[in-house]
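Only one structure is covered here, and it is reproduced in the block below.
Taken together, the values in this text are just the output of simple stated rules run on the coordinates, not laboratory data. Keep in mind the model is a prediction, meaning the values are calculated, not measured. As a convention, Cβ positions derive from the backbone with ideal geometry for all residues, glycine included, and neighbour counts pool all protein chains shown.
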């Protein structure tokens, strides 16, 4: 990725952790650059920031970052900068033209010499694309690798570049795709998280374009009962609408692929519980494998964590965790590149729980050796367990675009840090309007993403609240 953008992103993320003076030595160590480079990065960052953000530099003290807790978020500053990088412009061109232009033409459009462009491709293949098991060819540049890996990479790239606003796909209409996702929500009696729903519309547009270009996915379809899963019928109906509207016929395996991504995205029922919490998944009704897997894992976890509150919510979460683990195993290409940006955090902050959960999964796998898991699954399960350990019972409200278990974990973290003065409500709402906020008698909103509200203030926080975020919440309680 563009070096300057990556360094700016690292700097702002670091400085936003706490409202204090960071020494140059701390910043140098975190970014892995020299004192002179840190000063250059700061100088380049200052004119890019909105009025609600300021970076102060003081000899002898270091660097301090000030941000209005009701103002622009870091992500809102970074996303337009990402879209301007040569890296993003190259990937967008590769997606749109798929090898139909020469390397010389691409280099010219990016204002690079042909030799510099070739050296850059070597660097991208080595550093940026290797984790996705992809590479870029030279003569007529195109992304090469497993089709699932290509789609996953493009999906993550576009959703990072346009997380809240904007629509980069000329091949499909956003409102139409969003409406079809809403129909799936209604049919299954569920609600996608705001960012998950938007992300799914991006995925559909990417799938449409890739199929038009002649690319197809290949799944081990017999390893999972796709057609007995609740998402199969509504996704099949949507594929028929795609064919009628865009003239793109989706083969059965393409339907399974979309179905898997709809299943793996973040959603739950209107009451805040997992959508299938009150009943077994269809795949579990047909055979007892899912029930036996879930039951054994719950038993192992209860033995390992005596303080575990195995509530109906937790049991439902484990059933969905197990079903999604089975889907991941049916698409090993996804498991090969999937990861959580919270793995490092959970390993550090909840190390004893993470270690115990890892041992529980090793014990569980001895009974089901055919199913694999990775750090991504251990991270999810650690959040679920930690969020369900018995703390003082408190009510909470939170808007966070992460897994259901992560949201409860963050709510508990805020409770422990803030105390009983704060009541948090975590119910999921269809949309977010001032009328709904007034009906719920909410005084202010805590959110990881910008929301359009005028009746109450919004305190923007990181996925895992930093010391600065917690202090901003305390200040809101006093205002």
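Mean sequence separation of contacting Cα pairs (under 8 Å, at least six apart), scaled by the length of the chain, corresponds to a relative contact order of 13 percent.
Spatial offset of the stretch 176-230 relative to the stretch 6-71 amounts to 40 Å, using the alpha carbon center of each.
Using C-alpha pairs under 8 Å with a sequence gap of at least 6, the mean separation divided by the residue count of the stretch 3-74 gives a relative contact order of 35 percent.
Per-peptide packing, taken as the mean over residues of other Cβ atoms within 10 Å, places 254-260, 330-336, 300-306 in the sequence 254-260, 330-336, 300-306 from highest down. Considering all C-alpha pairs of the stretch 282-387, those separated by over 18 Å amount to 47%.
When 20, 67 are arranged by Cβ crowding within 10 Å, least crowded first, meaning fewest neighbours, the order is 20, 67. As a rough guide to protection, the peptides 76-86, 48-58 ranked by mean Cβ packing within 10 Å, highest first, stand as 76-86, 48-58. Cβ crowding within 10 Å ranks 388, 37 as 37, 388, fewest other Cβ atoms first. Beta-bridge orientation, the chain: approximately 65 percent antiparallel, per DSSP, counting only bridges with both partners inside. Over the chain, DSSP H runs of length four or greater, each weighted -39,500 (n - 2.57), average out per residue to a 222 nm ellipticity of -17000 deg cm²/dmol. Taking the centroid of alpha carbons for each part, the stretch 121-152 and the stretch 235-268 are 25 Å apart.
Counting beta carbons within 10 Å around each of 448, 101 and listing the fewest first gives the order 101, 448.
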